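A short worksheet on the structure shown next.
The values are calculated or read from the model by the stated rules, or taken from the named source; none is laboratory data. These numbers come from a predicted model, not from an experiment. FYI the Cβ positions are ideal-geometry reconstructions off the backbone, even for glycines, and counts take in every protein chain you see.
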């Protein structure tokens, strides 16, 4: 019997091409206001924006409150998810293939539920068995493993019985530390292997073959 009972997908950079938009926003709207030092995208990519803002403010200092910058993100999100992003080709067919194998299917994201719901509704990704936002947690989000432990528990499976598709180093670490098998994939971008990655997918076709290959292993 195959050991994998569920497939969990990160959203930003995996299901939709939102990461370049957010990275540009971080660089142009936030980093330039740091009062000391130079923040980097490596510090924030794949993480919850509110957690990142609080940590950056403590490390680099900003002239306005964390809440001020958070509101900027929330205002921008409506346009990014509602009109700008496009969906990774082949996601609908991959989701259907996972469902046809009677596996759990979910989205696990650092983004708030409202942003996830916009993507799910706009691209008709339902039915999903679980949707988890970092906002659901009492503790820290990615790269801490709790978000994937929480998602697995919601599905009634152990994390080691989950395949996780992630793009960022922080997301990979969260899934790997939870005990999941991790496929690293980025929308329209090749990715190097990093600690915690079990397989790389270079394009949507490769992603489909990799995920379904894991689900179909004897």
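Of the residues making up the stretch 209-216, none is surrounded by fewer than 24 Cβ atoms within 10 Å (Cβ to Cβ), out of contact with any strand residue (DSSP E or B) (no Cβ under 7 Å at 6 or more places or on another chain) and over 18 Å from residue 101 (Cβ atoms). The residues of the stretch 198-208 that are surrounded by fewer than 19 Cβ atoms within 10 Å (Cβ to Cβ) and assigned to a loop (DSSP other than H, G, I, E, B), listed by number, are 198, 202, 203.
In the stretch 17-39, the count of residues that are modelled with pLDDT of 95 or more, in contact with a strand residue (DSSP E or B) (Cβ under 8 Å, 6 or more places away or on another chain) and not in a loop (DSSP other than H, G, I, E, B) is one or more.
For residue 141, the conditions (1) in contact with a helix residue (DSSP H, G or I) (Cβ under 8 Å, 6 or more places away or on another chain); (2) surrounded by 21 or more Cβ atoms within 10 Å (Cβ to Cβ); (3) not in a loop (DSSP other than H, G, I, E, B) all hold with the exception of (3).
The number of residues in the stretch 60-92 that are in a loop (DSSP other than H, G, I, E, B) and either within 30 Å of residue 207 (Cβ to Cβ) or in the same structural domain as residue 117 (by TED's automatic domain parsing) (or both) comes to 5.
Among the listed residues 114, 97, which satisfies the condition of being surrounded by fewer than 14 Cβ atoms within 10 Å (Cβ to Cβ), touching a helix residue (DSSP H, G or I) at 6+ places or on another chain (Cβ under 9 Å) and in the same structural domain as residue 208 (by TED's automatic domain parsing)? Of 114, 97, the one residue that is surrounded by fewer than 14 Cβ atoms within 10 Å (Cβ to Cβ), touching a helix residue (DSSP H, G or I) at 6+ places or on another chain (Cβ under 9 Å) and in the same structural domain as residue 208 (by TED's automatic domain parsing) is 114. The residue list 172, 164 contains one member that is part of a strand (DSSP E or B), within 13 Å of the chain's Cα centre (by Cα) and modelled with pLDDT of 95 or more, which is 164. Restricting to the stretch 185-196, name every residue that is crowded, with 17+ Cβ neighbours inside 10 Å and either assigned to a helix (DSSP H, G or I) or in contact with a helix residue (DSSP H, G or I) (Cβ under 6 Å, 6 or more places away or on another chain) (or both). Within the stretch 185-196, 185, 196 meet the criteria. In the stretch 20-71, the residue that is surrounded by the fewest Cβ atoms within 10 Å (Cβ to Cβ) out of those that are out of contact with any helix residue (DSSP H, G or I) (no Cβ under 8 Å at 6 or more places or on another chain) and under 21 Å from residue 133 (Cα atoms) is 67.
Can you tell me which residue in the stretch 152-167 is surrounded by the fewest Cβ atoms within 10 Å (Cβ to Cβ), limited to those that are touching a residue at least 40 places away in the same chain (Cβ under 8 Å) and touching a helix residue (DSSP H, G or I) at 6+ places or on another chain (Cβ under 8 Å)? Per the stated criteria, the residue is 161. Restricting the stretch 118-134 to residues that are surrounded by 17 or more Cβ atoms within 10 Å (Cβ to Cβ) and in a helix (DSSP H, G or I) leaves a set whose member that is modelled with the lowest pLDDT is 134.
Close contacts from the stretch 69-90, counting a first residue that is at pLDDT 95 or above and a second that is part of a helix (DSSP H, G or I) and exposed (fewer than 13 other Cβ atoms within 10 Å of the Cβ), with Cβ to Cβ under 8 Å and a gap of 6+ residues or different chains, come to 90/205.
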